[in-house]
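Below is one structure, written out as structure tokens; comments come after it.
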Amino acid sequence: MKKLFQNRLSLEALMSYMKHHKECFQYNAKLLFKNPMKLFLIIIPISIAISLVLVSYILIKNINNNLIDYEHEKIILFLKKDIPNNYVDDIKKNISKKNNIISIDFYTEEESLNLYSKINSRDNVVNNLSFNPLPKTIIIKRKVIDYDYDYDYENNDLNIFLENNAYIDSYSSNIIFLKKTIYIKNILYKFLIFALIFLILILINVINNYIKIEVTSNKNKILIYRIIGARNSYIRREYMYFPIVLNFLCFLIGFILAQFITRYFSNSIGDFLYSYEIQYSFLNISFVEAVLMVFFIIIIGVTTCKIVINRFLDEDF
Amino acid sequence: MVMISFNNVCKIYSGKKVFYDTSINIKKGDFIFLTGESGSGKTTFLRLISALEKPDKGDILVDDLSITKLNNNEISDYRKSVGIIMQDNYFVEDRTVNYNISLPLLVSHRKEINRKIRAVLDLVNLNNQGNKIIQSLSAGERQRVAIARAIIHRPNIILADEPTGNLDQNLSKSIINMLIKLSQYGATVVVATHEFNLVRELQQKIINISNEKIISE
């Protein structure tokens, strides 16, 4: 390209260069649809692999999006009515010494009611109450040890302290819910990695085999290009559009497939979250994410194609 | 002025010496008949000049450029100045004569492609055949398309391996005369052939290859 502009800058030369790109694109598009059975055998595995990646990615994205306020364990302590103020400070001081504590917030009876009203959007109910049923409250946020599913959240030093403190009436934690979501997320992350590896292997295998067959059956044509002085880049261009056209098509099919699968799983996740009174809202992949995904698979396809052709040119000519 | 120079070139194929310590010079504008028995190394000689193969030892200079030391891209650029007619002519079979002939120009992104195609088709007597698909051509027509493809980009060197193999005597003679004419315009032409009658009749320079040696006659 650089040489083209340096030495032979003319409209006709540029047109000839562009025309070659156009011809290569058309040739590869035709090549893909020439044999429907071959097309079917190539497109199906790649599309399935792409849809698996998309499904796991969309589900992780949705879980993260819907549980944006559920990153840490939240423990709510209801204190006894007769607790002196200096004991509240003692409790806070003791809790802050425990492991993995992120924050400790104290709320008076009135503040507790306001917070309840705010979190649950129940202003009408709260405003009509003749008395305040809530006691003084402490809300503790504790870091969740993400990948340690077996961590004992019930028999650790903080929980033992809460159980044995005479001024704590009761306490509740969302840890069971968090453990379940972390477990699901961990499985989905592992599945995403597996699906990505599967996709890369499928792409490399399919494109490697297809390009090998194509260049071997067009050996004479490539020989012509060599003897008339075509550079490797010119010969490669003849086949380079194949992975681009193929992967773009596979992404479209994989995306449609992923939509059906994610809707099914999203319903299950929605039901699960609804049982914890969390409103589920579905979030699809964005345009930028789709472009990045297409770009990623095209890069793998083009690189594989380039390596196969280069090896062929180096070995046979 | 020396165009092609072999300096102590050795080429060995699986233990069999094709050339051994061979040196020869070919001047610019020369028309050379390359003769020798089958398997003597005529095709290897042409493949060495076209850089399709490298010598095991020695150096080959073309227009003072050592083609044995070029990298892949430089070899490709060098081949743009060489016109090659091979023994087995290969084409893009499902495309037209025009497309096949224009390939060297397309690869180099040259100008005025259509005008050059018309001129070269006229030269090889294939007027009005440009839009025919290669598969539909006779052996003689295919040979002439190969010649047209080799000369369309006005190469400095034309290498022809049995270019008249599939042609009748009259057409063979006219093709060789055309190559001689191109040499008179400054191109260096090397033609490997078996047709000794033609060689004797046209009285041009001869290089004979025999017993690992190249002898200029």
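Every number here is computed from the coordinates shown, using simple stated rules; none is lab data. Just so it is clear, the structure is predicted and the values come from calculations on it, not from any experiment. Neighbour counts are summed over all protein chains in view; Cβ atoms, including those assigned to glycine, are modelled from backbone coordinates with ideal geometry.
Using the Cβ-Cβ distance between A:Glu109 and A:Phe295 with R0 set to 56 Å, the FRET efficiency works out to roughly 0.50.
Could you compute the FRET efficiency for A:Tyr276 and A:Met37, with r as their C-beta to C-beta distance and R0 at 51 Å, rounded to 0.05? Working shown, then result.
On the way: r = 49 Å, r/R0 = 0.97.
Once the sixth-power term is evaluated, E becomes 0.55.
Selection among B:Pro104, B:Asn127, B:Leu137 by position relative to the dipole of segment B:91-154 gives B:Pro104 as farthest towards the positive end (Cβ unit charges, Cα centre).
For segment A:235-252, the Karplus equation 6.51 cos²θ - 1.76 cosθ + 1.60, evaluated at θ = phi - 60°, returns couplings of 5, 4, 4, 4, 10, 5, 6, 4, x, 5, 5, 4, 5, 5, 4, 4, 5, 4 Hz by residue, with Gly and Pro reported as x. Give the percent of DSSP beta bridges with both residues in the protein assembly as shown that are antiparallel, rounded to the nearest 5. Of the beta bridges lying entirely in the protein assembly as shown, close to 65 percent run antiparallel. Database remark: amide H of B:Asp56 closer than 5 angstrom to the amide H of B:Cys10, B:Lys11, B:Ile12 (H placed geometrically; neighbours at sequence offset of 5 or more, or on other chains; Pro and chain starts carry no H).
Relative to the longest principal axis of the Cα atoms of chain B, the long axis of helix B:169-184 lies at roughly 70 degrees. Per-residue ellipticity at 222 nm from helix content only, as computed over chain B with -39500 (n - 2.57) for each DSSP H run of at least four residues, stands at -10000 deg cm²/dmol.
When ranked by the protection proxy of mean other Cβ atoms within 10 Å per residue, highest first, what sequence do the peptides A:165-172, B:142-149, A:299-306 form?
Working: A:165-172: 14.1, B:142-149: 24.8, A:299-306: 18.8.
Peptide ranking by packing, descending: B:142-149, A:299-306, A:165-172.
Evaluated with a Cβ-only charge set (Lys, Arg +1; Asp, Glu -1), segment A:73-173 carries a dipole of roughly 280 debye about its Cα centre, given to the nearest 20. Give me the angle, in degrees from 0 to 90, between the Cα long axis of helix B:97-107 and the longest principal axis of the Cα atoms of chain B, rounded to the nearest 10. That works out to roughly 60 degrees. Projected label points at A:Asn127 and B:Glu201, each 7 Å from Cα along the beta carbon direction, are separated by 11.4 nanometres. Averaged over the residues of A:217-223, the number of partner chain Cβ atoms lying within 10 Å of the residue Cβ comes to 3.
The phi torsions of segment B:14-20, fed into the Karplus equation with coefficients 6.51, -1.76 and 1.60 and a -60° offset, translate into couplings of 5, x, 9, 7, 8, 10, 9 Hz, rounded to whole numbers, with Gly and Pro shown as x. With both labels modelled 7 Å from their Cα along Cα-to-Cβ, the B:Glu112 to A:Ile44 distance reads 5.7 nm.
The alpha carbon centroids of segment B:1-35 and segment A:258-317 are separated by 59 Å. Label sites at B:Glu74 and A:Asn174, each approximated as a point 7 angstrom past Cα along Cα to Cβ, lie 6.9 nm apart. Mean separation of Cα pairs under 8 Å and 6 or more residues apart, divided by the residue count, gives chain A a relative contact order of 31 percent. Only DSSP H runs of four or more residues enter the estimate; each adds -39500 (n - 2.57), and after division by the residues of chain A the mean residue ellipticity at 222 nm equals -24500 deg cm²/dmol. On a 0 to 90° scale, report how tilted helix A:109-120 is relative to the longest principal axis of chain A, with both axes built from alpha carbons and the result rounded to the nearest 10. Roughly 30 degrees, rounded to the nearest 10.
What the Cβ-Cβ distance of A:Asn99 and A:Asn64 gives, at R0 = 30 Å and to the nearest 0.05, is a FRET efficiency of 0.75.
Can you classify segment A:73-173 as rounded, prolate or oblate using the Cα gyration tensor, where a ≥ b ≥ c are the square roots of its eigenvalues, rounded means a/c under 1.5, and otherwise it's prolate if a/b beats b/c and oblate if not? Oblate.
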